[in-house]
Amino acid sequence: RRVRAGAGSLNIVKEWWEKTKEIGPSYGHYPDPGKSWLIVKNGLDTNAKGLFPDVNITSRGHHYLGSWIGNEESEEDVEGICSQQQAFLTGKLSEKEFVKEEVCRWLDDIESMYVIAEHDPHLAYSAYTIGVDKEWSYLRRTTPEVAEELKAIENTIHQKLIPAITGQPVITDSLRGVMTLPCRLGGIGMENPAEMRNLEYSNSVRFTKDLIETIVGKYMSYTPNFQTEENIRMWIRRSKDDIYENKLEGIKRRLNSKQHRNLDLLAEKGALSFLTCLPLQEYKFHLT
């Protein structure tokens, strides 16, 4: 599915929209006004409807690529809307409601995974670490203040998914802490979704700072500085490594000597590499 987006004054966006309709089909893209959304500032709705009579228009904000663009809260009353899904389709959905909708969808995905985990734990683990957890990672990087909503996901992971994958009916808080560590440090890479959310968001803002300034300043072109981007990328990687190392040290201080030794062995190079591989039967990587 092709997704296109533009930004600017109403007249500039109108010009862009008409051009997209003109040349889009040559590239296999057929703009559909009924499925397109125009997000405007409060007070510009009437002008926007005059320029874009067939396009959906909202001043509340709308979802885009797994996150949200627009106002965090809505001034309109959403009472009377029969379901979240209807609110989603009509544009009468706030940022917080959108996040809750996404969390409900992810909880359904996790429920499917722990059902699978009962007879194929390796497949369920890979589906989680390689697939679904990347979705809320994107949400954490692009949407601030989502920790409370993500706690419901952590509770389900802790109480249902991990027990189904490991075969242990009870996972202590201490053991859950170890499991949040990356495999190279002796964990299994199943992060707590509610943790590091502020860091993820601030890192995203830091990395896109120049692009944000270009958009807000309404400059006509943007030339990325690849060296600066690489420096920021390395800084982000080091800062996350420091956080994990400090967390590991805190966990080790609470372990007895045998548990400490076991964690050290798990952190040996390659010890848990089987967990980071796709469970491909063809190469005998599928362990269940």
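Which residues, counting only those in region 128-155, are hydroxyl-bearing (Ser, Thr, Tyr) and open to solvent by less than 30 Å² (accessible area, probe 1.4 Å)?
Of region 128-155, the ones hydroxyl-bearing (Ser, Thr, Tyr) are 128-129, 137-138, 142-143.
Tyr128, Thr129, Ser137, Thr143, listed by residue number.
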**Request:** Just give me the residues in region 173-194 being of a type outside the set (A, V, I, L, M, F, W, C), in contact with an Asp or Glu (Cβ under 8 Å, 6 or more places away or on another chain) and free of Cβ contacts under 8 Å to residues at least 60 places away in the same chain, in sequence order.
**Result:** Glu191, Asn192
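Here are Leu278, Leu255: which of them is more than 15 Å from Gly187 (Cβ to Cβ) and not in a helix (DSSP H, G or I)? Outline the logic, then answer.
Details: Leu255 fails: more than 15 Å from Gly187 (Cβ to Cβ).
That would be Leu278, the only listed residue that is more than 15 Å from Gly187 (Cβ to Cβ) and not in a helix (DSSP H, G or I).
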**Fill in**
Considering region 219-249, residues that are polar (S, T, N, Q) and assigned to a helix (DSSP H, G or I), and then whichever is farthest from Phe207 (Cα to Cα), we arrive at Asn246
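Looking only at residues that are of a type in the set (S, T, N, Q), in a helix (DSSP H, G or I) and open to solvent by less than 60 Å² (accessible area, probe 1.4 Å) in region 182-209, which one is nearest to Ser67 (Cα to Cα)?
Step one: list which residues in region 182-209 are of a type in the set (S, T, N, Q), which gives 192, 198, 202-204, 208.
So of that shortlist, the ones also in a helix (DSSP H, G or I) come out as 198, 202-204.
Adding the requirement that they be open to solvent by less than 60 Å² (accessible area, probe 1.4 Å) leaves 202-204.
On the way: Ser202: 16, Asn203: 16, Ser204: 13 Å.
Once the filter is applied, the top-ranked residue is Ser204.
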**region 24-43: number of residues that are of a type in the set (Ser, Thr, Tyr) and not in a loop (DSSP other than H, G, I, E, B)** = 2
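So that you can scan it fast, the table gives a plain yes or no per residue for (1) modelled with pLDDT under 90; (2) open to solvent by less than 90 Å² (accessible area, probe 1.4 Å); (3) touching a Lys or Arg at 6+ places or on another chain (Cβ under 7 Å):
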site: Val13; (1), (2), (3): no, yes, no
site: Thr20; (1), (2), (3): no, yes, yes
site: Asp32; (1), (2), (3): no, yes, no
site: Ser36; (1), (2), (3): no, yes, no
site: Pro53; (1), (2), (3): no, no, no
site: Ile57; (1), (2), (3): no, yes, yes
site: Gly70; (1), (2), (3): yes, yes, yes
site: Glu73; (1), (2), (3): yes, no, no
**Prompt:** Just for region 261-275: of the residues that are within 29 Å of the chain's Cα centre (by Cα) and in a helix (DSSP H, G or I), which one is farthest from Tyr128 (Cα to Cα)?
**Reply:** Leu266
**Message:** Quick check on Thr228: is it of a type in the set (Ser, Thr, Tyr), under 22 Å from Pro182 (Cβ atoms) and surrounded by 10 or more Cβ atoms within 10 Å (Cβ to Cβ)?
**Reply:** no
**Message:** On the basis of being closer than 30 Å to Leu10 by Cα, β-branched (Val, Ile, Thr) and within 25 Å of the chain's Cα centre (by Cα), does Thr208 make the cut?
**Reply:** yes
**Complete:** Restricting attention to region 93-127, the residues that are surrounded by 15 or more Cβ atoms within 10 Å (Cβ to Cβ) and part of a loop (DSSP other than H, G, I, E, B) number exactly 3
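The values are calculated or read from the model by the stated rules, or taken from the named source; none is laboratory data. Nothing here was measured: the structure is a model prediction, and the numbers come from that model. Cβ coordinates were reconstructed from backbone atoms using ideal geometry, including for glycine residues, and neighbour counts include every protein chain displayed. For accessibility, only protein heavy atoms count, side chains too; no ligands or nucleic acids. Shrake-Rupley method; radii C 1.70, N 1.55, O 1.52, S 1.80 Å.
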